[in-house]
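So the structure is just underneath, and the comments pick up after that.
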Amino acid sequence: MTTAFIEQSASGAAAPRAAARPASGKPIGTAGVGVRFESLAKRYNDLYAVDGVNLDVAPGEFLSILGPSGSGKTTVLMLIAGFVSPSSGRLLLGDQDISRIPPHKRDIGVVFQNYALFPHLDVRRNVAFPLEVRKVAKDEIARRVAWALERVHMSQYADRRVSQLSGGQQQRVALARAIVFEPRALLMDEPLAALDRNLRVDMQHEIRSLQRSLGQTVIYVTHDQEEALNLSDRVAVMDHGRLQQVDTPKNLYLRPANPFVAGFFGEANLFRGNAEAAAFVTESGARLPLARSARGKAVLCVRPEMIVFGDKQKEGFPSLEGTVVETRFQGSILRISLRTPLGPIMAVRHINTTDDAPPEGTRLTFGWDPELGHLMVQE
Amino acid sequence: MGNATSISHSITDTPGGADWETQRRRVTVTLLVVPIAMMALLFLVPLGYLVWLSLGGPSGPNVNSYRQLAAPVYLNLAYYTLQLAFIVTVACAVIAYPLAYLLANIESAVSRLMIVGLVISLWLSVLARTYSWIIILQRNGVVNDLLQQAGITSKPLPLVYNETGVYIGMIHILLPYMGMTLYPTLRAIDGSLVRSALSLGASPWTTFRRVYFPLSLSGLVSGSILVFTMAIGFFVTPAILGGGRVNTIVMAIQNQVQVLVDLPLAAATSVVLLLVSLLILVVYERIAGVERIFGKGRQ
Ligand SMILES: Nc1ncnc2c1ncn2[C@@H]1O[C@H](COP(=O)(O)OP(=O)(O)OP(=O)(O)O)[C@@H](O)[C@H]1O
Ligand SMILES: [Mg+2]
């Protein structure tokens, strides 16, 4: 997978906050507060669904939780929302410990995968619901509902019944309902999973711009890597209830903390072996140059697009040989599978020349810039 | 090519030579003939006969029987019957709702066993279930024995052959109908709606009142209609457990047939009973009808 990274501030905390001003009265839209996990764990019988998670989400940050099925993403979200109580550890919202506060007193907006709109209420009443239960004055409710529906471009549907809306429209209403009461944080559990691809991309943009303009803290669960990379300031990668790495999309791709993260984000050529000062010795005995000296058992990660061939090789690059096993044309890139003494290698080449794809069986020399190889030292 | 022509030929040559839609309509009509005929024969014809009889039968048509029904004794009976049916319906709803809620929300072998129990109780004869209440509730029955041994009462309480017995019996027999109508409705309520309401700041009680209960209303309405109409026409249980002290409109009909031998009067009473039940259905549907709750738009 080759993803173009949008340059964004590494901390992601300081999203510019344009106060959204409705027609009259005080501006609606409060910035979110931070969320902090302190060795948070949830155990079901003898299975840890969430295991010792430490995490700081900055106010106004967009954090995605990404991981394979059953890795504990939903459990994390339900812990924050309060539908699951932690077996141990603490959860802080701002500087308040909310571990033992019931869900309805947490002031956290939740958007569910199936939208969870109330079928017996129309769009307007759905969005008004959180305000009505908070006993907000009638005219204030009308003002805020109008504001929230405006924000998600659903004003003209206010009098519709929920069942008369498409999936994307329902999701917008769910979003409006979750932001209308100015929650302290917004949680979303795979909110776009049920939508088709084009709509999903549109909604991603809208969610992102809404989050930015509100300065809302968002914790977003997804199993779609592309979505996580597109949306997030930072991504938390989970596996088996544990956080594997929390970092910016760029760093997750270029500097994965371990082979799991490396394999999870796009393709990676992973070499196992030992770092011996300036060289990395693979299990098969090959010596590969390292940019920085290191020692110990390690895994070297080289992304397919970092592999260069023949004449593009430079001084100091490893010089390896392989046989083309298969080439695949994928739009703007050519994907080349090689068989090498180091094992199978995957390379991609941008199609910006008239070169033909090397036929199967061609022997090629290849290498990479040691600066771009990423070494993951294990324990 | 020749092959293709022969295929298209055989398609247009299907029996009747009609397109798929027309054929479907024909099949539907054919299939409906039998039930419609049965309905007419077994339901409309007797009903017509009943109405004809109530209007004086061979010596009619007149409304003499209906005039007789205006007598205070019948009005009181009708009022009493409606009241009985209403209280039984409310009691069934109040008892069945939490029960159905538990069954719908607790996943366990116990809840499955209870549902099986409910269904089985529907198979048992009403007569057997009614008589068993006599054994339980009579002067030296299980309940009175227990109450006396526990020192709650010194004399046996009159629990059967009176109104108490009728209520207990009718509620017991009609409860499963309410339960079996409510259960699937509650079961179908999406748990994420409840979680969503809570996360939006509604307290558990508000969540129940404003989300869960409105969504369960359709089941409650159909259960109530079922129980109420059954209760109005109930005969065996009030007759046996009432011990002659509880008189309902249905018993009056029996009396008219067997003692007064006034068939037109009995027929007129039945017709009025039917109309009242229908009216109640319509009113109920208007007040709390499913159509209104999930109404089509706001206009
Ligand atoms: N109520 C529960 N009782 C027992 N085990 C549970 C319960 N809820 C979740 N688990 C277990 O906890 C683990 C994490 O579940 P969770 O739903 O958080 O995963 P997830 O990352 O959201 O997966 P998915 O991508 O499939 O939604 C799973 O192994 C699951 O079986
Ligand atoms: Mg999940």
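The values are calculated or read from the model by the stated rules, or taken from the named source; none is laboratory data. Quick caveat, the model's predicted, so the values are computed rather than measured. Because the Cβ atoms are built from the backbone with ideal geometry, glycine has one as well, and the counts that use them run over all protein chains shown. These area figures cover heavy atoms from the full protein model, side chains too; ligands, DNA and RNA do not enter into them. Shrake-Rupley method; radii C 1.70, N 1.55, O 1.52, S 1.80 Å.
See the values below:
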| quantity | calculated |
| --- | --- |
| Pairs, first within 17 Å of A:Glu61 (Cα to Cα) in region A:87-116, second of a type in the set (Phe, Trp, Tyr) and within 16 Å of ligand 2 (Cβ to nearest atom), C-beta under 6 Å, six or more apart | none |
| Meets criteria (surrounded by 15 or more Cβ atoms within 10 Å (Cβ to Cβ) and at pLDDT 80 or above) for B:Val276 | yes |
| Some residue of region A:131-140 being within 16 Å of ligand 2 (Cβ to nearest atom) and buried (at least 17 other Cβ atoms within 10 Å of the Cβ) | no |
| The listed residue being within 16 Å of ligand 1 (Cβ to nearest atom) and closer than 23 Å to A:Gln211 by Cα, out of A:Phe112, A:Phe83, A:Phe129 | A:Phe112 |
| Only listed residue being surrounded by 18 or more Cβ atoms within 10 Å (Cβ to Cβ), of a type in the set (Lys, Arg) and either assigned to a strand (DSSP E or B) or modelled with pLDDT of 85 or more (or both), chosen from A:Arg349, A:Arg328, A:Arg272, A:Arg292 | A:Arg349 |
| Residue within region B:160-176 that is closer than 30 Å to A:Val84 by Cβ, at pLDDT 90 or above, more than 14 Å from every other protein chain (Cβ to nearest Cβ) and surrounded by 20 or more Cβ atoms within 10 Å (Cβ to Cβ) present | no |
| Residue within region A:95-104 that is open to solvent by 40 Å² or more (accessible area, probe 1.4 Å), more than 26 Å from A:Glu227 (Cα to Cα), of a type in the set (S, T, N, Q) and more than 13 Å from ligand 1 (Cβ to nearest atom) present | yes |
| Flag if A:Leu117 is within 14 Å of chain B (Cβ to nearest Cβ), within 16 Å of ligand 2 (Cβ to nearest atom), open to solvent by less than 50 Å² (accessible area, probe 1.4 Å) and under 30 Å from A:Glu226 (Cα atoms) | no |
| Test result for A:Glu227, open to solvent by less than 50 Å² (accessible area, probe 1.4 Å) and either more than 16 Å from ligand 1 (Cβ to nearest atom) or away from every other protein chain (no Cβ under 14 Å) (or both) | yes |
| Among residues of region A:67-101, those that are facing another protein chain (nearest Cβ under 8 Å) and out of contact with any Lys or Arg (no Cβ under 6 Å at 6 or more places or on another chain), counted | 1 |
| Residue among A:Phe62, A:Phe112 that alone is open to solvent by less than 40 Å² (accessible area, probe 1.4 Å) and away from ligand 2 (no atom under 16 Å from the Cβ) | A:Phe62 |
| Restricting region A:183-212 to residues that are without any contact (Cβ under 8 Å) to a residue 40 or more places away in the chain and part of a loop (DSSP other than H, G, I, E, B), the residue that is surrounded by the most Cβ atoms within 10 Å (Cβ to Cβ) | A:Leu192 |
| Residue within region B:216-230 that is part of a helix (DSSP H, G or I) and within 30 Å of A:Thr75 (Cβ to Cβ) present | yes |
| Lone unmet requirement of (1) of a type outside the set (A, V, I, L, M, F, W, C); (2) open to solvent by less than 40 Å² (accessible area, probe 1.4 Å); (3) modelled with pLDDT of 90 or more; (4) outside any loop (DSSP other than H, G, I, E, B) for A:Arg90 | (2) |
| Subset of region B:192-231 [polar (S, T, N, Q), at the interface with another protein chain (Cβ under 7 Å from one of its Cβ atoms) and surrounded by fewer than 21 Cβ atoms within 10 Å (Cβ to Cβ)] | B:Ser192, B:Ser203, B:Thr206 |
| Selection from region A:32-47 of residues that are over 23 Å from A:Leu210 (Cβ atoms) and more than 16 Å from ligand 2 (Cβ to nearest atom) | A:Arg36, A:Phe37, A:Glu38, A:Ser39, A:Leu40, A:Ala41, A:Arg43, A:Asn45, A:Asp46 |
| Condition met for A:Phe83 (modelled with pLDDT of 80 or more and part of a loop (DSSP other than H, G, I, E, B)) | yes |
| Answer from A:Gln211, A:Gln225, A:Gln245, A:Gln216 - the residue that is farther than 20 Å from A:Val111 by Cα and either within 16 Å of ligand 2 (Cβ to nearest atom) or assigned by TED's automatic domain parsing to the domain that holds A:Gly34 (or both) | A:Gln245 |
| Residue in region A:166-182 that is facing chain B (nearest Cβ under 10 Å), open to solvent by 10 Å² or more (accessible area, probe 1.4 Å) and touching a residue at least 40 places away in the same chain (Cβ under 8 Å) present | yes |
